[in-house]
Amino acid sequence: MRVLDTFKLDGRVAVVTGAAQGLGKAMAQALAEAGASIAIPDINGPGAHQAAQEIGELGVKTLGMHYDLTDREQAWAMIDEVHEKLGGPNIIVNNAGITRWSPAEEMSLEDWQDVVRINLDAVFFCSQAAAGKMLATGRGAIVNIASMSGFICNYPQPQSSYHATKAAVVHLTRSLAAEWADRGVRVNAIAPGYMNTGLAAPYFADPKYGPNWVGRTPMGRPGEPEELGPAVVYLASDASSFMTGHTLILDGGYTCW
């Protein structure tokens with residue numbers, strides 16, 4: 001097989017959680033461009049359907065869905081619906097996530113639990129459900145979206161719950177990879193640095209955050225969502241066939257310091 005052919009995803013079905021917008025949508029589009037059918041489950045149902053419609057213009061099958069993936073039963077039902085309507089899935093990208101900024105001594109139980117449920121519980125539930133289909137066929141790729149915050153502490157914003165959950169995703173990735181490697185299911189992760197999404201734009205313009213975020217990044221700029229596309233295609237495809245349990249850091253060099 002020619003090297004570029006190993007990146008092709010024709011005939012495969014990819015689930016990208018939380019892909020109604022932002023990084024998830026950019027990664028879903030990249031997987032579609034590589035040939036995969038795309039399912040987008042999101043708590044924002046209308047946004048998921050709109051994103052699926054737009055990505056479908058690339059000529060692949062798509063499916064927008066409204067699910068709360070912090071609920072284990074809904075996560076499993078989502079995978080069953082994908083299997084019924086598109087097949088597979090052969091790929092799942094666990095992208096859905098949130099953050100809450102709060103000094104640790106003031107953080108509410110609700111804020112702590114919200115971050116844990118979305119950033120960690122949903123990743124496990126969706127991985128568990130998808131693996132049920134993948135292990136049965138002896139083939140599959142799981143890509144978890146961690147963060148450089150799983151390796152360092154962001155500054156100056158206080159977000160201990162985000163740091164803790166993203167570090168947990170990194171180690172969960174290793175654990176699942178070790179369990180499922182000999183049965184054909186690979187599990188890797190991507191750890192983005194500061195990315196130029198619509199939600200982050202006001203903070204880059206804020207003198208309290210922008211100079212710290214960009215100034216501490218050796219490349220001197222935030223990443224663009226589209227820059228995650230090649231990485232997710234690599235990890236989802238046969239191009240990374242001997243790679244599992246690894247977290248690929250894309251942070252413009254932030255964690256070099």
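The values are calculated or read from the model by the stated rules, or taken from the named source; none is laboratory data. Nothing here was measured: the structure is a model prediction, and the numbers come from that model. Glycine gets a Cβ as well: all are built from the backbone with ideal geometry, and neighbour counts include every protein chain shown.
Filter the range 67-110 down to residues that are of a type in the set (A, V, I, L, M) and either out of contact with any helix residue (DSSP H, G or I) (no Cβ under 9 Å at 6 or more places or on another chain) or without any contact (Cβ under 8 Å) to a residue 12 or more places away in the chain (or both) and give me whichever is farthest from residue 131 (Cα to Cα). Only one residue tops the list, namely 109.
Whenever a residue of the range 198-227 is farther than 15 Å from residue 157 by Cα and small (Gly, Ala, Ser), its partners that are part of a helix (DSSP H, G or I) and at pLDDT 95 or above, lying with C-beta atoms within less than 7 angstrom and at least six residues away or across chains, give the pairs 198/22; 220/214.
With a requirement of 2 or more residues that are more than 26 Å from residue 62 (Cβ to Cβ) and polar (S, T, N, Q), the helices (runs of 4 or more DSSP H) lying completely within the range 76-191 that satisfy it span 160-180. Looking at residue 4, is it closer than 13 Å to residue 233 by Cα, free of Cβ contacts under 8 Å to residues at least 12 places away in the same chain and either hydrophobic (A, V, I, L, M, F, W, C) or touching a helix residue (DSSP H, G or I) at 6+ places or on another chain (Cβ under 9 Å) (or both)? Criteria met by residue 4.
Only one entry in 26, 96, 51, 32 is modelled with pLDDT of 95 or more, of a type outside the set (Lys, Arg) and touching a Lys or Arg at 6+ places or on another chain (Cβ under 7 Å), namely 51.
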